[in-house]
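Notes follow the structure.
The numbers here are math on the coordinates, done by the rules we state, and not lab data. Note that this is a predicted model, so its numbers are computed, not measured. Neighbour counts run over all protein chains shown; Cβ positions are idealised from the backbone, glycine included.
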Amino acid sequence: MDYSELYTMQKQLDAYIENEHGLMNEDVFREKYLALLVELGELANETRCFKFWSTKPRNKQSVILEEYVDGLHFILSLGLEKGFHYSSNSIPRSEKDETGQFNLVYDSCVAFYRNPLEENYKKLFEHFLQLGVLLGFDEEAVKDAYMSKNEINYERQDQGY
């Protein structure tokens, strides 16, 4: 999938937020990194994949997809912060289960935060996309959900979120 449209949309949203909050000259990389970790935790919580002690079922796929694209917003934004863009024609298949893939994504987040190189960013993005596939999302569903959530994010900013 070509992510250039999503990067453009994210760049516009980031600029809007920065302007609204007076952050045009601020470095918010660490805040975006922490926000991504929080969103990943919220996503994992909705899947319940790690809750071996519970019999309660996972949340609806629509809720899980919305949490997933929340994470995508921050991954795109982190790439923009460092001048990196991910592109790929296909997503390599993961050999991990959902819990293993979540752990891999977390590890990739830490690696990118500690050493923000393009190679580490690409691994983070790829591992996140692999997680999306494991969760049952195709590229079109992710793109549509991203666009929908992007509109909501603007509305939230306008309402003082």
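Structure summary
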| item | result |
| --- | --- |
| Relative contact order %, segment 4-158, counting alpha carbon pairs below 8 Å whose residues are six or more apart | 30 percent |
| 222 nm mean residue ellipticity, helices alone, for the chain (DSSP H n ≥ 4; -39,500 (n - 2.57); rounded to 500) | -23500 deg cm²/dmol |
| Relative pair counts by distance (%), Cα atoms of the chain, 5 Å bins | 1, 9, 18, 22, 22, 15, 8, 4, 1, 0 |
| Three-way shape call for segment 94-158 based on the alpha-carbon gyration tensor, with the a/c threshold at 1.5 | oblate |
| Least to most buried among Asp70, Asp158 (fewest other Cβ within 10 Å first) | Asp158, Asp70 |
| Sparsely packed GluC sites (Glu not before Pro) within segment 7-54, loop by DSSP, other Cβ within 10 Å at most 13 | Glu26 |
| Kyte-Doolittle at least -0.5, axis length at least 30 Å by Cα - qualifying DSSP helices, the chain | 61-82 |
| Trypsin sites (Lys or Arg not before Pro), loop per DSSP, at most 12 other Cβ atoms within 10 Å - longest free stretch of the chain | 94-161 |
| Difference of contour (0.36 nm per residue) and Cα-Cα distance, Phe50 to Asp2 | 14.1 nm |
